[in-house]
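Written out below as structure tokens is the structure these notes cover.
Here, each number is a calculation from the coordinates, and none is a lab measurement. The model shown is predicted, which means the values in this text are computed figures rather than measured ones. Every residue, glycine as well, gets a Cβ built from its backbone with ideal geometry; the counts of neighbours run over all protein chains shown.
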Amino acid sequence: MMKKVLLLVLGTIMSATVSPAQTRARESLRGLRGVYLYVLPVAKEVESGGLTTVQIKKVAEQALKDAGLEIYSEPHPPESSANVAVTIDLVKYSDAAYLYSVNVSVLQEARLVRLPDEGTFPAQTWMAGAFGITGAHQMNLIMEPLQAKLADFVSDFKKANGGAKK
């Protein structure tokens with residue numbers, strides 16, 4: 001019974017993939033010249049299933065470079081406070097199946113309008129995510145939704161900045 005409920009909930013979640021189409025989120029990307037990229041290290045199960053943190057970082061770096069963004073080696077350089085974070089979370093469902101989530105988000109320094117004198121704080125200004133199920137030895141399949149969410153970011157970045165940067 002519990003497995004049926006979990007599958008029903010998962011099916012609902014999977015059909016409600018997070019969308020980056022909101023205009024305000026896209027507008028938060030306007031004027032970015034570069035970002036710091038942080039890829040959360042993946043679980044051992046993911047690596048033993050064929051997907052490494054290094055592979056994920058290479059794919060993300062290439063997508064950001066193709067968009068015309070500089071990738072900073074340190075977070076929060078003086079000219080920009082934008083950080084792109086890539087996370088892949090995994091939950092073991094059974095011996096043969098894992099539930100996963102893929103998230104690409106942008107964190108930037110923000111200020112509350114109602115408290116303009118209070119300074120800035122880090123805030124998530126853009127996010128795209130997906131959920132799915134994969135096998136223990138097919139973790140590389142997670143790369144497809146990751147690439148799709150990176151493409152969503154690149155698309156919104158280009159729309160906010162008038163097309164491709166050179």
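Some points to look at:
- Entries of Lys44/Lys65; Lys65/Lys158; Lys57/Lys158; Lys44/Lys92 with Cα pairs more than 23 Å apart: Lys44/Lys65
- Cleavage-rule hits, GluC sites (Glu not before Pro), region 51-121, DSSP coil, Cβ neighbours within 10 Å at most 11: Glu79, Glu118
- The 3J(HN,Hα) values that the Karplus relation (6.51, -1.76, 1.60; θ = phi - 60°) gives for region 155-162 are, in residue order, 4, 5, 4, 5, 4, 6, 10, x Hz. Gly and Pro appear as x.
- For a label point 7 Å along the Cα-to-beta-carbon line of Thr87, residues of region 140-154 with backbone N under 20 Å: 142-154
- If the chain linking Ala96 and Arg111 were pulled fully straight, counting 0.36 nm for each residue of separation and taking away their Cα-Cα distance, it would gain 0.8 nm.
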